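Data first, discussion second: the structure below is written as structure tokens.
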Amino acid sequence: MGHEVNFEWCVMLVKVRAFASFREILGGEKELDVEEGSTIRDFLDKLAIANTRFKDEAFDESGRLRDYVSLMKNRKRIDSEEDLLTKLKEGDELAIFPPVSGG
Amino acid sequence: MIEITKEDFSIDEMIKRAKREDAGAIVTFLGTVRNDGIDRMELEAFREVLLPELEHIRDEALSRYSLKSVEIIHRIGSLHVGENIVAIVCSACHRDEAFQGCRYIIEELKKRAPIWKKEIGKNGERWVGHE
């Protein structure tokens with residue numbers, strides 16, 4: 001009983017928005033629960049464990065995020081490895097997409 | 001005006017909106033679906049980011065090239081060969097600024113605007129720029 005109450009306090013909802021090839025792999029828009037204190041990188045790892053197609057598309061053999069993967073947290077670009085260590089908060093929106101090709 | 005739309009648009013209407021008494025030059029760029037052995041393309045956008053990004057690009061062009069006005073329309077959805085994809089109309093006092101401003105906007109849009117194209121043909125489909 002006590003364990004269940006504790007669990008509810010430790011998860012939070014994060015919205016994922018995927019576009020183009022990543023939308024086809026992950027679905028367009030969904031909310032996922034993650035452990036409180038998770039970083040963007042933790043969240044991506046969780047997505048990769050749940051979806052091997054996403055893992056192959058987003059990460060190279062050494063587990064590094066591929067250069068062509070773009071991320072935005074709350075509509076601001078995540079540009080560096082350091083940014084990936086940013087902790088997520090309840091209600092954050094993480095967008096994932098490949099190189100743009102408009103015009 | 002900046003617009004993201006599934007509908008086709010009128011370049012004439014854009015030019016009417018761009019005209020100014022103090023502008024002696026209007027340059028238009030129209031991008032259309034090229035026949036590279038495809039039947040059609042699907043375009044999708046991250047709208048909430050796209051609009052502010054296009055506004056930034058417009059504002060940069062207005063100040064860098066002393067443009068008098070800028071009109072941008074980009075379509076999304078399913079488009080067949082020959083259909084309009086994007087139009088940019090710039091007015092300026094003189095042609096140099098209008099040409100340069102229009103060029104700047106389409107080049108920056110291609111680099112920065114969150115829009116994706118998928119080409120669909122008899123031989124399958126592929127996301128452009130994602131080899």
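Read-outs throughout are calculated quantities, based only on the coordinates presented, and are distinct from any laboratory measurement. Nothing here was measured: the structure is a model prediction, and the numbers come from that model. Cβ: placed from backbone, ideal geometry, glycine included. Neighbour counts: every protein chain shown.
Inter-chain Cβ neighbour count for A:20-33, averaged per residue, equals 2 (cutoff 10 Å, partner chain atoms only). Our coupling estimate for region A:18-28, obtained by passing each phi through the Karplus curve with A = 6.51, B = -1.76, C = 1.60 and θ = phi - 60°, is 10, 10, 6, 4, 6, 5, 5, 8, 9, x, x Hz, Gly and Pro reported as x.
Quick one: net charge around B:His80, please, counting Lys, Arg +1 and Asp, Glu -1 for every other residue with C-beta under 10 Å from its C-beta. So the environment of B:His80 carries a net charge of -1. Note on B:112-118: average number of Cβ atoms from other chains within 10 Å of each residue's Cβ is 6. Under the criterion of Cα pairs below 8 Å and six or more residues apart, the relative contact order for region A:56-103 equals 39 percent. For region A:9-103, trypsin sites (Lys or Arg not before Pro) are listed when DSSP marks them as loop and at most 16 other Cβ atoms sit within 10 Å of their Cβ; the list is A:Arg64, A:Arg66, A:Arg75, A:Lys89.
Calculated translational diffusion coefficient of chain A (37 °C, 0.692 mPa s; Stokes-Einstein with Kirkwood radius over alpha-carbon pairs) equals 230 µm²/s. For chymotrypsin sites (Phe, Trp or Tyr not before Pro), the sites in region A:1-102 that DSSP calls loop and that have at most 16 other Cβ atoms within 10 Å are A:Tyr68. Applying a DSSP loop filter and a limit of 15 other Cβ atoms within 10 Å to the trypsin sites (Lys or Arg not before Pro) in region B:1-100 leaves B:Lys6, B:Lys19, B:Arg20, B:Arg34. For chain B, the relative contact order comes to 36 percent (Cα pairs under 8 Å, sequence separation of at least 6). The alpha carbon centroids of region B:25-60 and region B:66-113 are separated by 8 Å. Based on Cα atoms of the protein assembly as shown, Rg over Rh with Rh as the Kirkwood radius reads 1.07.
Would region B:38-106 count as rounded, prolate or oblate if I go by the C-alpha gyration tensor, calling it rounded below 1.5 in a/c and otherwise prolate when a/b exceeds b/c, oblate otherwise? Oblate, since a/c reaches 1.5 and b/c is not below a/b.
According to the calculation over all Cα-Cα pairs in region B:2-120, the P(r) per 5 Å bin from zero is 2, 12, 23, 22, 19, 12, 7, 3, 0 %.
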